[in-house]
1. Put +1 on the Cβ of every Lys and Arg and -1 on every Asp and Glu Cβ in the chain; which of Val90, Ala20, Gly124 then has its Cα farthest towards the positive end of the dipole?
2. If I stretch the segment between Gln141 and Val125 completely, what's the gain in nm (0.36 nm per residue apart, minus their alpha carbon distance), one decimal?
3. What do you get for Rg/Rh over region 55-170 if you use C-alpha atoms and the Kirkwood form of Rh?
4. So, for the chain, what is the accessible surface per residue at a probe of 1.4 Å, expressed in square angstrom?
5. Once the dipole of region 54-189 is set up with Lys and Arg at +1 and Asp and Glu at -1 on Cβ about the Cα centre, which of His156, Gly142, Gly181 lies farthest towards its positive end?
6. Would you work out the charge dipole size for the chain about its Cα centre, treating the Cβ of every Lys and Arg as +1 and the Cβ of every Asp and Glu as -1, and quote it to the nearest 20 debye?
7. Okay, helix-only estimate at 222 nm for the chain: each DSSP H run of n ≥ 4 adds -39500 (n - 2.57), divide by all residues, round to 500 deg cm²/dmol; what do you get?
8. Given a 1.4 Å probe and every protein chain left where it sits, what share in percent of the accessible area of the chain is carbon and sulfur?
Amino acid sequence: MLFIAGANPRVLLALIIGGAVLLALWLWLHFQFGLWLPLDDYQIKRLTVFIDPYNDGSGGRGAGWNTIQSLIAIGSGGWLGKGLFSGTQVQLNFLPEHHTDFIYAVIGEELGFVGAALVIVLYGVLLLRAVVVSWQARSPQGTLVVIGVTAMWVFHILENIGMSIGILPITGIPLPFLSYGGSNMLANMLGVGLILNVSFHGKSLIF
């Protein structure tokens, strides 16, 4: 939103790189010399265990369990999946939180690569349409509102799918429109309403 609003790209890039370097340095000092972090040990392990989920101190039965079971679910789905409501990792409850955090792993196991890829394509269509609406908005405020909602969706999609396939930490961020949860769905539908409102006011009405 800052970039679209006209902020200096060099300043934004410097802030992002500087923040990433400081965070990496802080983490390195913590693991090497015990520098304080505002997190408990189990929280730190949960955020870092995705790098090697079997090295969680319990042979994969501790903090790495969720990541391992999610990878098994997605990997066992193959091309076309095991069939709706026929996923063993899900139906036998090996995969924790499969209706919320790991709903994408459920899709991967039961609908396979084709179903999982289709979900990503549908998200791509949604995000592309939102960007088009932001381009057509008549006011800068409308553009920023749509870009803000779109950025929220992009972050949620990347983080949720990333943690389901084991390349990002498990943070409990829901997958828009798919994860179970009333407040999540309400927030996403409010976002859709805002985008539709901007789209409506960006078009000429003919009576």
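The values are calculated or read from the model by the stated rules, or taken from the named source; none is laboratory data. The shown structure was predicted, so the numbers you read here are calculated from the model rather than taken from an experiment. So basically every Cβ, Gly included, is an ideal-geometry build from the backbone, and we count neighbours across all protein chains shown. Each accessible area value is taken on the protein alone, full model and side chains, heavy atoms only, with ligands, DNA and RNA left out. Shrake-Rupley method; radii C 1.70, N 1.55, O 1.52, S 1.80 Å.
1. It is Gly124.
2. 3.5 nm
3. Reported Rg/Rh, Kirkwood definition of Rh: 1.11.
4. 62
5. With unit charges placed on the Cβ atoms, the residue in question is Gly142.
6. Using Cβ point charges on Lys, Arg, Asp and Glu, the chain gives about 660 debye.
7. -21000 deg cm²/dmol
8. It is 71 percent, rounded to a whole number.
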